[in-house]
Every structure is written in C-alpha cells, then in structure tokens.
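The next block holds one structure in the form of structure tokens; read it before the comments.
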Amino acid sequence: MNMKKTILSALMFLGVLSASAQEQKGTTEYVFNPHWYIQVQPVGAQYTLGEVDFKDLISYNVQAALGYNFSKAIGARLSVNAWQSKAGISNKDFGANNFYETWKWKYVAPSLDLTFNLSNMLAGFNPNRLFTLSAFVGVGANIGFSNDDASKVKNAYLAHCYQTAAVPDADRSQNMQYVWDGTKVRVAGRAGLQGDFRLSDRVSAGIEVNANVLSDRYNSKKAGNADWYFNALAGIKVNLGKTYTTNFIPAPEPEIRYVEKVVEKVVEVPAKVEEPKIEPIRRDIFFTINKFNIRASEEQKVKDIVDYMNKYPKSKVVITGYADAGTGNDRINDRLGAQRADAVVKALKETYHISADRITYDSKGARVQPFSENDKNRVSICIAE
C-alpha cells in the first residue's frame with residue numbers, strides 16, 4: 001500500500017513539473033537601464049612622441065574615471081589621467097660630438113569624454129556579452145609641473161653647442177626654445193578605444209588605448225607642429241546599480257474555438273418571407289508602438305464602421321483595445337489598450353456623431369493577444385452588428 005502511495009505521489013509531482021514547464025514557455029527580453037560606473041586603471045604606460053629612442057620615452061601613468069551610460073549606445077565620463085611624460089634631444093650626426101639626453105616632468109589631465117558602445121550599436125544590447133568594444137572622444141586640460149629637468153638639459157645642451165663647433169647654429173636655435181617652469185595648463189584633445197571583458201553583471205576587466213594632442217610647447221622643444229602622447233592602460237570597471245532588467249514574454253496562447261450546440265424547438269408557423277440576414281462587420285485598427293492616435297492609413301476603417309451603422313440604424317459596435325506583450329509592462333500596456341479603444345470611441349462620437357448608447361468598449365491590455373505576430377497586437381478590434 002505504501003509503495004502505491006509513493007508511486008502515485010511521484011506521478012503527481014512529475015505532473016506538476018510538466019505543468020510548470022508548460023506555463024514557462026516564452027522568451028526573455030533584456031531592457032537596458034541607465035547607470036553610473038567607476039573605472040580604475042592603475043597599470044599604464046605612456047609614449048611621448050619624440051626623436052630619441054622609443055624605450056627612452058616610455059613612462060608610467062594611471063587613470064580613474066566616473067561615467068554614466070545614458071543609453072545602450074551613448075555615455076559620458078569624467079576621467080583623470082596622471083603621472084609623467086618624457087622628452088629627449090639627440091644630435092647623432094656629429095661623430096664624437098654627439099649629444100643625447102632625456103628629461104621628464106609630471107602632469108594631471110582631467111578630460112570629459114563622450115563614449116560610444118560599438119558592440120551594442122552594431123549587434124544589439126546583450127548584457128551577457130563576453131567582450132564589449134567601445135570608442136570615445138574628449139577634450140580637457142593638461143596641467144604640467146615639475147619641469148626642472150628640462151632647464152638643466154637645456155643649459156647642458158647650450159654649453160655643449162658652444163664648446164663644439166660641429167653643431168651648426170641653425171640646429172642650436174631649433175631646440176629647447178619652449179622650456180617652461182612652474183605650472184602650465186594647456187587644452188588637450190583625445191580619442192581612443194576600450195575593450196571590456198565581462199566578469200559579472202557589475203564588474204569587468206578592461207584595456208584602453210588613447211591618443212592625446214597638445215600645443216607644440218608641451219615638451220619644451222620647438223618643432224613647428226603639435227605634440228602627441230599615447231597611453232595604454234589596464235584596470236577594472238564597476239557598474240553602480242542594475243544595468244538591465246528582464247521581461248518574460250510568454251508564448252501566445254493557442255486560440256480556443258468554442259462550438260455552441262443549439263437545440264431548436266420545431267414550431268409550425270405560417271410561411272413568411274425571410275428578411276435578408278445582416279452580416280456583422282469587423283475592422284482591425286492598428287497603431288504604432290507606444291501610440292494611440294488613429295493614423296491616416298487606418299481612418300478608412302473607422303469610416304467603414306460608420307457607414308455600416310448609418311446603413312443599419314439598430315446596429316451597435318463593440319470596441320476592444322489591445323497592446324503587444326513584446327514591450328512595456330502590464331501597467332503601461334493596460335493604459336495603452338484603454339487609450340486605443342478610447343481613440344476609436346471618440347472618433348465615432350465626436351467626428352461622426354454616432355450615439356453613445358450604440359457603442360460598447362473595453363481594454364485587454366497585453367493580457368490577451370489576438371494575433372500571433374507581436375506587432376499586430378497594437379490594435380483596436382471593432383465589431384459592429
């Protein structure tokens with residue numbers, strides 16, 4: 001007896017699981033949420049464009065940023081990049097009279113950047129994407145200070161030039177004419193790319209490369225063109241708050257057709273001429289997403305209902321408003337369904353002067369989906385008979 005009860009319980013449990021699985025049929029839609037984030041990049045290297053060996057112009061730098069993503073594609077951030085830059089001077093064409101020196105100085109560079117999520121723009125929003133590529137452009141300030149090394153190198157270079165007749169006067173005049181001291185603030189433009197590797201909904205590890213351009217005076221040397229430096233950085237990004245929400249869109253219920261069996265009582269009546277049967281008329285008035293105004297392309301359908309009711313003065317019309325389940329939520333969709341039904345009612349009463357006692361209306365929101373195609377459920381169905 002106990003074994004029978006156990007088997008029966010197991011079968012009931014499997015039946016519940018099966019029913020639950022059937023109830024969960026549908027799709028999950030990801031909806032982007034605007035959100036803040038912080039970004040810390042403690043590992044970075046900078047190359048300042050110059051004439052000396054590449055390895056001698058590499059220096060360490062760091063960056064931190066606070067950003068906000070307005071949409072799945074567009075955002076902005078306030079970043080602060082800092083540490084030091086390097087420059088150098090070299091005269092390698094004079095045999096034993098060569099001069100080769102480098103110097104460095106410190107800086108802080110705040111910048112306001114406009115960011116573009118290229119992955120979302122090209123492939124659509126997907127919060128579970130493993131790798132995301134973004135681009136940015138920005139403008140800010142470069143605040144330079146501690147440039148004492150440049151003055152020392154300039155003095156040494158001039159002494160070398162005067163002591164060495166092999167260095168032409170023209171070459172002497174073209175170097176280190178823009179040595180500065182104290183603190184200098186210059187406008188800087190920047191652009192770059194970011195790659196983020198998803199670790200969780202909140203955290204990602206990323207790399208960034210950017211190019212920065214300033215006036216010719218940044219590296220203390222007169223070159224007749226803008227000065228450039230390039231940064232490569234690595235760090236983490238932490239999202240603040242929920243970056244997305246999910247909407248479960250159930251599969252449309254199969255349409256159930258009810259057949260009513262009518263038992264007629266046979267009554268002998270005198271033969272009479274049957275009146276022609278009046279067929280009901282149905283018109284489906286479609287709307288665009290999140291709208292409830294009747295478009296010009298749908299106006300003729302309203303006129304069809306009006307013509308029918310004018311032709312048959314005893315006829316009445318039932319109007320039912322709907323919204324699609326693919327977007328929004330029940331609160332929004334209930335309101336849209338009611339507004340779509342009300343728009344047709346208002347047109348019948350105010351524009352075509354159909355009496356209110358001949359009009360019945362209702363709203364199903366997105367709780368009932370009369371069409372299998374999602375977009376067609378943005379509709380008011382009108383049946384007159």
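The values are calculated or read from the model by the stated rules, or taken from the named source; none is laboratory data. Because the structure is predicted, anything quoted here is derived from the model rather than measured. Every residue, glycine among them, receives a Cβ derived from its backbone with ideal geometry; neighbour counts consider all protein chains shown. Side chains are part of the model used for accessible areas, which takes the heavy atoms of the whole protein and leaves out ligands, DNA and RNA. Shrake-Rupley method; radii C 1.70, N 1.55, O 1.52, S 1.80 Å.
Numbers at a glance
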{"quantity": "Cα-based shape type of the stretch 344-385, given that a ≥ b ≥ c are square roots of the gyration tensor eigenvalues and the cut on a/c is 1.5", "calculated": "prolate"}
{"quantity": "Where the stretch 29-154 is the region considered: accessible area per residue in Å², 1.4 Å probe", "calculated": "49 Å²"}
{"quantity": "Heavy-atom accessible surface of the stretch 35-82: percent carbon and sulfur, 1.4 Å", "calculated": "76 percent"}
{"quantity": "For the stretch 98-103, 3J(HN,Hα) per residue [Karplus equation, 6.51 cos²θ - 1.76 cosθ + 1.60, θ = phi - 60°, Hz, x = Gly/Pro]", "calculated": "4, 10, 9, 9, 10, 8"}
{"quantity": "Among the listed pairs K277/K349; K184/K222; K311/K349; K277/K314; K242/K364; K291/K314, those beyond 25 Å (Cα-Cα)", "calculated": "K277/K349; K242/K364; K291/K314"}
{"quantity": "Model label zone, Y68; criterion: amide N under 20 Å from point 7 Å along Cα-to-beta-carbon; scope the stretch 102-127", "calculated": "110-117"}
